[in-house]
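The structure under discussion appears below in the form of structure tokens.
Bear in mind that the values in this text are calculations on the coordinates, not laboratory data. Small disclaimer: the values here were computed from a predicted structure and weren't measured. All Cβ positions, even for glycine, are placed from backbone atoms using ideal geometry, and neighbour counts span all protein chains on display.
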Amino acid sequence: MKQMILMLAALALSVNAEAAVKTKVIEYKQGDTVLEGYLAWDDTKTVKRPGILVVHEWTGLGPYVKRRAEMLARLGYVAFAADIYGKGVRPSTPAEAAKTAAIYKDDRPLMRARARAGLDILKTRKYVDPHRLAAIGYCFGGTVVLELARDGADVKGTVSFHGGLATPTPQDARNIKGKVLALHGADDPYVKADEVAAFQDEMRKAGVDWQMNIYGGAVHGFTNPDNGTDNSKGAAYNEKADKRSWEAMKLFFKEIF
């Protein structure tokens with residue numbers, strides 16, 4: 001009987017925790033382009049708290065990154081999953097995703113502008129402390145948030161999860177105002193050793209407060225279960241790397257906030 005009561009109490013707590021997280025689709029613009037982001041926050045808290053910008057993978061803003069925003073809300077942050085591509089632009093095949101992502105990889109000012117538009121939405125939310133902001137991104141999104149930092153955005157920290165690290169303007173790293181954390185799969189076939197070395201050199205030369213975690217046995221996309229577990233495909237889920245990288249992010253946020 002006692003065990004049953006404890007189980008029911010735990011279930012109630014779980015339900016309440018779920019109910020506390022509110023979400024909202026927000027339409028906004030960058031220039032003439034209509035964008036559609038996703039906001040998540042804990043509705044039981046009324047104090048201002050840090051805001052986290054979350055940037056999607058190359059398939060666009062979808063269920064995976066929305067779930068990450070909700071996870072951040074449960075940790076006590078206000079999270080805004082930005083839309084880099086535009087409302088309704090959600091590639092459904094790898095070929096389409098590559099083509100769409102290339103638009104922004106080849107136009108870094110546009111990439112930065114789209115990220116800044118999302119950051120502007122985040123910092124004006126009711127419960128966000130605009131002086132305590134950070135940005136995280138996955139794969140393509142990791143590239144985006146690093147470019148946002150290089151653009152001099154007022155964020156205290158930037159976290160790239162298995163993101164592309166290269167940039168056509170490494171000298172812009174001197175504009176980075178906050179700390180940087182790069183979380184990388186040791187066997188990532190898309191972000192190879194020379195790109196990792198160039199990124200580290202870029203950070204050193206710019207005097208950035210940076211750190212990098214490299215996870216053995218992990219390839220690209222190691223945080224997303226939808227990628228399957230076959231490393232030979234180049235992108236695959238790795239449960240250990242996923243959990244370790246999330247804990248690393250939490251410690252990083254504890255430090256910067």
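May I ask for the net charge around ALA173, where only other residues with Cβ less than 9 Å from the Cβ of ALA173 are counted and Lys, Arg are +1 while Asp, Glu are -1? Write down the numbers at each step before the final one.
Details: positive: ARG150, ARG174, LYS205; negative: ASP172, GLU202.
After counting each charged neighbour, the total is +1.
State, as an integer percentage, the relative contact order of the chain based on alpha-carbon contacts under 8 Å between residues 6 or more apart.
Working: 523 pairs, mean separation 35.0, N = 257.
Dividing the mean separation by the residue count of the chain yields 14 percent.
For the chain, what is the calculated [θ] at 222 nm in deg cm²/dmol (nearest 500), taking -39500 (n - 2.57) for each run of four or more DSSP H residues and dividing by its residue count?
On the way: 7 runs with 102 residues, N = 257.
Mean residue ellipticity, 222 nm, calculated: -13000 deg cm²/dmol.
Using a Gaussian network model of the chain with C-alpha springs under 10 Å, which one of LYS177, LYS126, LYS66 is most mobile by mean-square fluctuation?
So, out of LYS177, LYS126, LYS66, the one fluctuating most is LYS126.
Anything over 22 Å Cα to Cα? Flag those among LYS66/LYS126; LYS99/LYS240; LYS29/LYS156; LYS87/LYS156; LYS24/LYS240; LYS126/LYS177, in the order listed.
On the way: LYS66/LYS126 20 Å; LYS99/LYS240 31 Å; LYS29/LYS156 24 Å; LYS87/LYS156 28 Å; LYS24/LYS240 31 Å; LYS126/LYS177 24 Å.
Correct reply: LYS99/LYS240; LYS29/LYS156; LYS87/LYS156; LYS24/LYS240; LYS126/LYS177.
Which order results if HIS220, HIS184 are arranged by neighbouring Cβ count within 10 Å, fewest first?
Working: HIS220 22, HIS184 25.
The most exposed by this proxy come first: HIS220, HIS184.
About its Cα centre, what dipole magnitude does the range 145-257 give when the only charges are +1 on Lys and Arg Cβ and -1 on Asp and Glu Cβ, stated in debye to the nearest 20?
360 debye
Over the range 94-151, what is the relative contact order in percent, taking alpha-carbon pairs closer than 8 angstrom and at least six residues apart? Spell out each step's value before the answer.
Values: 26 pairs, mean separation 19.7, N = 58.
It rounds to 34 percent for the range 94-151.
So for the chain, Kirkwood radius off the Cα pairs, Stokes-Einstein at 20 °C and 1.002 mPa s: how many µm² s⁻¹?
Details: Rh = 18.6 Å.
Rounded, D is 115 µm²/s.
Is any helix in the chain, taking whole DSSP H runs, at least 24 angstrom long along its axis by alpha carbon and on average at least -0.5 on the Kyte-Doolittle scale, and which ones? Working shown, then result.
On the way: long enough: 2-20 (27 Å, 1.23); 239-256 (26 Å, -0.91).
Both cut-offs are met by 2-20.
Toward the positive end of the charge dipole of the range 20-256, about the Cα centre and with charges on Cβ (Lys, Arg +1; Asp, Glu -1), which of SER92, GLY207, ILE103 goes farthest?
Going by the charge dipole, the pick is GLY207.
Take peptides 92-101, 140-149 and line them up by average Cβ neighbours within 10 Å, highest first, as a rough protection proxy. Intermediate values should be presented prior to the final figure.
Values: 92-101: 14.0, 140-149: 26.8.
Listed from highest to lowest mean packing, they are 140-149, 92-101.
If each residue's Cβ is checked for other Cβ atoms within 10 Å, how do SER232, SER245 rank with the fewest at the top? Write down the numbers at each step before the final one.
On the way: SER232 7, SER245 23.
Sorted ascending by nearby Cβ count, the order is SER232, SER245.
Taking the Cβ of each residue in VAL208, VAL78 as the centre, tally the other Cβ atoms inside 10 Å and list the residues starting with the fewest.
Numbers: VAL208 20, VAL78 25.
Sorted ascending by nearby Cβ count, the order is VAL208, VAL78.
Rounded to the nearest 20 debye, what is the charge dipole size of the chain about its Cα centre when +1 sits on each Lys and Arg Cβ and -1 on each Asp and Glu Cβ?
Numbers: 37 positive and 31 negative charges, 184 e Å.
Using Cβ point charges on Lys, Arg, Asp and Glu, the chain gives about 880 debye.
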